[in-house]
Every structure is written in C-alpha cells, then in structure tokens.
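A.B. asks: I am attaching a structure below and will ask some questions about it afterwards.
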C-alpha cells in the first residue's frame, strides 16, 4: 500500500492508542498528585456536582482545565478510528474525557490537598470535546493521507514496537519541562531514598558533574532515536532537530520557573560543555551499525542514571523551586518529575525488548540480499 494513497483502506493507529494511554496515565497522576493523606471527609464524592461554584475563579484556571483535556479528546478520537467515525466518534471521545474528569474530581474528595469542583468538570469536559472536534476536523486525515502520516512512515521504521519507541521519545521531550533536574538528567532516585548529609562542594564539581550527565544522556537519547529511524534518512539532521526541540522546551520550563529574564539560566558552564561534547560524540556514533548503537545507548543510559544520582543538586534551582507557586504548576511539576524519574528505566527495558526484534529483521534483510 502506498503511503498517502486516498484509495487505501483506513487503518487503526497504534501510535494514537499508545499516546492516549500515556496521556490518560499523566492526567490521572496529575489529578491525584501528591497521592497521600487519603481520608473520608464525611462528604459524598459526588456532592461537588450539585455544589456551589468556586468562590474564586480565574481565567488562568479555566484555560488550564480546558487545555489539559484537549489532547485527551484528540487522542481518544484518533484511537477510535476507523472502528468508530464521524459524529459517534466525536461523542464517544468527548464523553470519555467527561467520565475521566468526573472520576478524578470524585476521587479528589478524599484528598485534603485537592478541591473537587463542578467548574473543573465542566471545563475539562469542554476541553475533551474541543480536542475531539479538532481531531475530527484535522486529525483523522493525519492517519492515512496527511503530512504527519507521511513523515512518520518516511522517517521511521514501521511496526507497533517503533510506535511505542516514538511515544517514549515524546515523553523524553516532555521531561525537559521539569526545571529542577540537571540538563537531560533523568532517573534521579534520591528523593525516594534517605537524604544524605549535606556536603559543601566546589563549583568545579557541579560543572563537571552536569557536563558528564548532559553528554551521556544526549548521546544515549540520540542513539535511541537512531534505532527507530530508517537507515536511508539523514540521521544527523534529525537528531539536531530533536536536540533543538529539547532545548526549546527546557528554556520554556526554566522561564516559567525563574521568570522571563532568566530563561537561559539552564545554560550553565557544565551544561554548555556537556552539549558540545555530547553533540560531537553523537555525530560520530551514529555511523556505528544499528546493533552497536542500540547497545551503546543502553550502556550510556545506565551510566547516566548512576551519575545523575551521584552528582550534587544545583542549589540555585533547588531554591527557586521552593518559591514556585502552588496549585497547577506544582501538580504539573509532579507529573514531569514522575516521567523524568521513570524514563531511563522504561527506555532501557524497551531497548532490551527491541534487540531480538531488530536482530531478526537484520537477519531477514541479509537473507534477502
């Protein structure tokens, strides 16, 4: 079947379904964060539906609730295609967002740190329907004949396992919105362990530590992405675009935390050294065979995760985080923190599962030759 052929039979999109699952999990975590203090407060979990509107209503809260559920409705409608189409798909995707929001608001009744709100339910539901409407108008065409579909199959290998890899790559980009970590420094487990005694470190320790962490992760993620890419494509150009996107997201996150005049506060001497060294090594490493790239990516992921747990935290960012406003920003940071913590372990497991598949594919290709 030719990509973009309008006469081709429509096919389901595993990528859309993986994205939907990932986004639902993020919404659930963000809605119920911080997950402690559960107790019955003597109020029905559904009392909020007929309760009074919140005393204080801000445009920011309304827009945030609306935007948070738009991707959910968008991915839900694409995940339903082609089994359900048109108006039934729109209604089903929108109602799915309503049901999820209804359940989350009800569960928040048992969390003293959260406040259930019928206004949140209404704006979440509206967001889900808006997202479903956008998917119905623009998204369905992306699955079979649009540019996104063509780009997906032009640049990346075909198969469900590679769709899952692309979702992981998207989640890595999402982790760059966590401003409290070292540059690219995912997998920090220290918050789950007993805090070590405070130790003063010279500035050189911070510079060297962040440089190595940034470089190792940059090479590891770049090689991870190269394992999903078709060999005939210009890998180096694609990886530079990926790096630029990651740095842009990092700049947005730091600017939100530290205000606009400090948007490049993340560009420390250590981060700059890590970027330069990592980019140079990555440009050379992509010339390796696919199996070697996959193995090196896994090794560097393990090394970088160890190093990020040994490198001292940046006290400047730690102090700024303490002053971050509560509410949606803090809940969003909880989601980015979770993804940041889990990502290298999920990526390493994925590479282990991918290895035998790619070995079989390489063997099949060699047999054909």
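A.B. asks: At what distance in nm do the modelled label points of residue 349 and residue 49 sit from each other, each positioned 7 Å from its Cα along Cα→Cβ?
C.D. replies: 3.6
A.B. asks: Give me the percent of Cα-Cα pairs in the range 23-99 that sit more than 14 Å apart, rounded to a whole number.
C.D. replies: Here the long-distance tail beyond 14 Å is 73 percent of all Cα pairs in the range 23-99.
A.B. asks: Set the Förster radius R0 to 35 Å, insert the Cβ-Cβ distance between residue 85 and residue 25 as r into 1/(1 + (r/R0)^6), and round the FRET efficiency to 0.05.
C.D. replies: Efficiency for this residue pair is about 0.85.
A.B. asks: So, one more: Dividing the convex hull volume of the alpha carbon atoms of the range 205-307 by its residue count, what do you get in Å³ per residue?
C.D. replies: Considering the Cα atoms of the range 205-307, their hull volume per residue is 97 Å³.
A.B. asks: Most exposed first by the Cβ proxy, i.e. fewest other Cβ within 10 Å, how do 266, 155 rank?
C.D. replies: Ascending Cβ contact count within 10 Å gives the list 155, 266.
A.B. asks: Also, quick follow-up: Could you sort 299-310, 42-53 so that the peptide with the highest average Cβ count within 10 Å comes first and the rest follow in order?
C.D. replies: 299-310, 42-53
A.B. asks: Need the C-alpha centroid separation for the range 286-309 versus the range 24-101, integer Å.
C.D. replies: When both Cα centres are located, 38 Å separates them.
A.B. asks: Something else: Test of understanding: express the Cα radius of gyration of the range 14-153 as a ratio to 2.2 N^0.38 Å, with N the residue count.
C.D. replies: 1.15
Just so you know, all these numbers are worked out from the coordinates, no wet-lab data involved. Small disclaimer: the values here were computed from a predicted structure and weren't measured. Cβ: placed from backbone, ideal geometry, glycine included. Neighbour counts: every protein chain shown.
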